[in-house]
Structures are given as structure tokens and as C-alpha cells.
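Structure, as C-alpha cells:
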Amino acid sequence: MEWYHYLIVIAVGIVAGVINTLAAGGSLLTLPVLMALGLPPNMANGTNRIAIFLQNVVGVSRFHQKKVMDFPSGFKVGIPAAAGAIAGAFIAVNLNDEVMKLAIAGVMILVFFMILLKPNRWINSHEDHPPIPYWVQAIVFFFVGVYGGFIQAGVGFFLLTSLVLGSGFDLVKANALKLLIILLYTPLALLIFFLHGDVNIWIGLVLAVGNMTGAWIGTNIAVKWGAVFIRYFVLVAILIASIKLILDAFKVL
């Protein structure tokens, strides 16, 4: 790569780190950049996880310092998600990419309207909407983990939805727990990609510099500006990600 390519990777990583910490969908930026630099799709998917892992190390530690992180709750739902991620990373089925992108975009748009029309459920904690039974949560997070292990891009939207509507957390705590869950399963998925030769360690570390910086910025914003701001940020992020997925599916981009 040329020297300026590294600067581009770091800059995109910073933006992705902020987006991933406050909402989700940063990988929809980093994956195309990695592929544009010559990495095959599978290698881009694997390499991106180095940055995701180190980004979440920073994010989790920062949320812990700010007294937002609830480790016991995170491990309760993170363990099923990690099990699902292992399965997801091993999946080797030929899927129709365009249909999959449309399906994901459709779910994201549904989440968009749920956040838009019922804002209080996303801002208040489970005093106003009790969590669903844990065994149901475990099943939900297992399948979210399958998705995260297989694709990663956009998994944060589904984790936020599950943590808020299923587990009853407000968006600030849900954002913190989202990072913890992804931190738990990412090393497992990364190992599987690495063993299959689908990880470029050097480019992943360069990208991680940006993602880690973005995570540091994002955690400060999340705690300082609160759940109401995060709600609007998530709405915008979902809308942009959904539009991009739909356009990708129709080969417009």
C-alpha cells in the first residue's frame, strides 16, 4: 500500500469507531475500504475483526471507568452470543448476497420505526418495561451471535434492539453492554478466520488505531450527551446503513 492509504484506513477507522460505539454499522464503511485496497471479501471480513476487538477493549474500559458497564448482565447474554458467533464463523453456505442485504435492510428499517414511534422504551430503563425471561434472551442473543460471527457488519443494531427491548436497558447502558458482548465473541471468530488464512494482521492493526481512537471519542459522547442523543444518532445510522444495503443489493453502488 502507498503511505497515504494508511492515513485513509486510520481516518475511516476513527469514523467507524465513533459510529460503532454510539450505534452500529461502522463496518459498512471499513469493509468496502479494505476491499478497495485489494483484500478479498473474506479476508476483509476477518481483518476487520482485529480493529473491532481492539476498539471494544477501549470502549469497554472507558465505559467501566465512567461507571456505566454492568459486567454480570453483559456476561449473562454475552455467553450465548459467543456460542452463536462460533457457529456463525463456521458457516460456509452459499447465500444470495442481494437477498441477504435486502433482508437485513428490512429488519433495520423496522427497528428504525420502533425507535421513532416508541422513544421512551429506548430512553428509559427496565423499570418501565421489564425484561423478557432469560431463557428467551439466551436464544435471541445466540442467533444475534450467529449473525455477528458470520458477517459482523450491522450486528450492533440487533444487539441494541435485543438489549433495550429484550433485556430492558436504556440506550447508554445498552451501548456499553453491546461493546462487551462483541468483545467476548470477537476473539473466537477472529481465531477461526485466522486459522483459515483470512486475516491480514498488519492492515488490521493499522485500522485498529483509528477504531480505538473513535471508540475513545464515542464513549465520551455517549456518557456526556446521554440516551436521547444516542437515540437520534442510532436513527440516522440505521437509515443510512439501510439505504446503503438496499442500493448495494440492486447494484447501484
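What follows draws every value from the coordinates through simple rules; no lab data is involved. These numbers were taken from a predicted model, which means no experiment stands behind them. Virtual Cβ from ideal backbone geometry, glycine too; neighbours counted across all protein chains shown.
Packing, taken as the mean count of other beta carbons within 10 Å per residue, orders the peptides 10-19, 38-47, 131-140, 209-218 from highest to lowest as 209-218, 10-19, 38-47, 131-140. Structure note, pairs K178/K244; K76/K173; K224/K244; K173/K244: Cα-Cα distances above 19 angstrom occur for K178/K244; K224/K244; K173/K244.
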